[in-house]
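> First, the structure itself, so that you have it in front of you.
The values are calculated or read from the model by the stated rules, or taken from the named source; none is laboratory data. Computed from a predicted model, the values in this text were never measured in an experiment. Cβ placement follows ideal geometry from the backbone for every residue including glycine, while neighbour counts extend to all protein chains displayed. These area figures cover heavy atoms from the full protein model, side chains too; ligands, DNA and RNA do not enter into them. Shrake-Rupley method; radii C 1.70, N 1.55, O 1.52, S 1.80 Å.
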Amino acid sequence: MAHAAEEGAGTLIYVGRFDLAEFAVVLEPDEPLRMARRTLYAGMAALADALSVIAPPETPITIDWPDAIRVNLGLVGGGRLGWPADADENEPPQWMVFSAMIRLVSLSEGEAGLRPLTSALEDEGFDGEASDRMVEAFTRHFMMILDTWQEQGFDGVAKTYLPYLATVSEKGVRRDIDQDGDLLVRQMGKADVQRQKLLPALTQPTWFDPQTRGPRS
């Protein structure tokens, strides 16, 4: 974010570590900020697609709304979204940054089976080149999803993102994303709509540990 304004749209920054894959891409949306935050869904869908491509066969990849990634039910990381602090909600922001962190190797003590709610790509059978392959796959899928957004509108992005939700298997439930990025949950046969607001969720990502500056263990 500190360099987004000078580097410009399309810049990809990648930090290569043996235990954590961390990367960020700079964007320049043409929509008002309140709508442009839906970029998070495009980034998360691309991240999930990328992991699905390089994962061992039949490895489940899921998303905890809106921004946490699980592999085989274990938390491995997630995505974040940043924008200028002084940006106007009703104007396109000067820049926006989507970033992601994925745990490659677990540094926690104890066996992986003793931490059923967290995981690392190594624990799930990904190969040693998973980090580079994931970033390469992410950039390809992200570009395709952004093209879909331009050609088909945001519905095309939602159709890619929503099937990854960990709760999508619930019967009789319909999920949609409105123009401000809020998740709308409807029970079949009921008029009530449950709204989960995106902005508060982006302020404090549940997957991110502010002390370790990485995914929660």
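> Output yes when any residue across segment 46-56 is closer than 20 Å to Arg175 by Cβ and open to solvent by 10 Å² or more (accessible area, probe 1.4 Å), and no when none is. Talk me through it step by step, then tell me what you get.
To start, the set of residues in segment 46-56 that are closer than 20 Å to Arg175 by Cβ comprises 46-49, 52.
If we keep only those that are open to solvent by 10 Å² or more (accessible area, probe 1.4 Å) as well, we get 49, 52.
Yes - at least one qualifying residue is present in segment 46-56.
> Next question. Looking at (1) in a helix (DSSP H, G or I); (2) open to solvent by less than 30 Å² (accessible area, probe 1.4 Å); (3) modelled with pLDDT of 95 or more, which is the one condition that is false for Ser131?
(3)
> All but one of (1) within 17 Å of Phe142 (Cβ to Cβ); (2) within 17 Å of the chain's Cα centre (by Cα); (3) open to solvent by 10 Å² or more (accessible area, probe 1.4 Å) hold for Trp83, so report the exception by its number.
(1)
> Now a separate question. Among the helices (runs of 4 or more DSSP H) lying completely within segment 1-61, list those that include at least 1 residues that are more than 30 Å from Thr167 (Cα to Cα). Reasoning before the result, please.
Working: elements: 4-7, 33-36, 39-54.
Ranges flagged: 4-7.
> Follow-up question, since we're still on this one. I'd like to check something: does segment 133-146 contain any residue that is more than 27 Å from Leu20 (Cβ to Cβ) and β-branched (Val, Ile, Thr)?
To start, the set of residues in segment 133-146 that are more than 27 Å from Leu20 (Cβ to Cβ) comprises none.
No, the conditions are met nowhere in segment 133-146.
> Here is a further query. Being open to solvent by 20 Å² or more (accessible area, probe 1.4 Å), of a type in the set (S, T, N, Q) and either more than 18 Å from Asp127 (Cβ to Cβ) or touching a Lys or Arg at 6+ places or on another chain (Cβ under 6 Å) (or both) is true for just one of Asn90, Asn72. Which residue is that?
Among Asn90, Asn72, only Asn90 is open to solvent by 20 Å² or more (accessible area, probe 1.4 Å), of a type in the set (S, T, N, Q) and either more than 18 Å from Asp127 (Cβ to Cβ) or touching a Lys or Arg at 6+ places or on another chain (Cβ under 6 Å) (or both).
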